[in-house]
Amino acid sequence: MEAIREGVQDYEHLVMLRARIAAVAKAEPAHPKLAAAKALLAGACTRVLGAPGATEYRWDAAKDRSIADTVRIEVLDTLTALRAPR
């Protein structure tokens with residue numbers, strides 16, 4: 001159940017990143033972090049699903065979950081970097 005909750009949160013983070021990218025692209029198309037944010041969004045799922053053991057659906061099978069954690073942190077850091085200036 002915890003993995004399902006985390007998966008839903010990861011999805012929401014990606015939706016928030018997509019929306020933030022769209023808003024920044026409209027308001028400030030030359031934002032220095034915009035290209036990196038787009039690349040992160042485009043490759044996040046592939047990176048996580050390409051992790052060793054990711055296609056193994058048994059809960060007790062060995063998996064490298066650190067990639068998902070790394071991508072999650074990158075997404076949150078990027079959301080922060082793209083926030084509206086105060």
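Every number in this text was worked out from the coordinates using simple rules, so none of it is lab data. Everything quoted here is computed from the prediction, not taken from an experiment. Counting neighbours? That spans all protein chains shown, and the Cβs are built from the backbone with ideal geometry, glycine included.
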Note the listed values (i) 16, 46, 25, 11, 2; (ii) 15, 39, 25, 15, 6, 0; (iii) 17, 50, 32, 2, then indicate which one is P(r) over Cα pairs in 10 Å bins from 0, in percent calculated from this particular structure.
(i)
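List the relative contact order of the range 2-81 as a percent without decimals, with contacts defined as Cα pairs under 8 Å and 6+ residues apart.
34 percent
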So which residue, out of Leu17, Leu34, Leu49, gets the largest mean-square fluctuation from a GNM of the chain using Cα contacts under 10 Å as springs?
Leu49
Which value in nm describes the separation of the simple spin-label points at Ala27 and Ala39, placed 7 Å from the Cα toward the beta carbon?
2.4 nm
For the chain, with +1 on Lys and Arg beta carbons and -1 on Asp and Glu, the positive-most of Gly43, Ala23, Tyr57 along the dipole
Ala23
Let me spell out the model: positive unit charges on the Cβ of Lys and Arg, negative unit charges on the Cβ of Asp and Glu, origin at the Cα centre of the chain. What dipole size does that give, in debye rounded to 20?
440 debye
Hz values of 3J(HN,Hα) by residue in the range 43-48 - Karplus curve (6.51, -1.76, 1.60), Gly and Pro given as x:
x, 4, 5, 4, 5, 5
Cα gyration tensor of the range 1-47, axes a ≥ b ≥ c as square roots of the eigenvalues: rounded (a/c below 1.5), prolate (a/b > b/c) or oblate?
prolate
Could you put Arg65, Arg5 in order, starting from the residue whose Cβ has the fewest other Cβ atoms within 10 Å?
Arg5, Arg65
May I ask you to compute the full-extension gain from Lys63 to Ala51, defined as 0.36 nm times their residue separation minus their alpha-carbon distance, rounded to one decimal in nm?
3.6 nm
Can you list the HN-Hα couplings for the range 55-64, worked out from phi with the Karplus curve (6.51, -1.76, 1.60; θ = phi - 60°), rounded to whole Hz and with x for Gly and Pro?
8, 7, 8, 6, 5, 8, 7, 5, 9, 9
Taking θ = phi - 60°, what integer Hz values does the Karplus form 6.51 cos²θ - 1.76 cosθ + 1.60 yield along the range 24-31, in sequence order, with x for Gly and Pro?
5, 4, 6, 7, 8, x, 9, 4
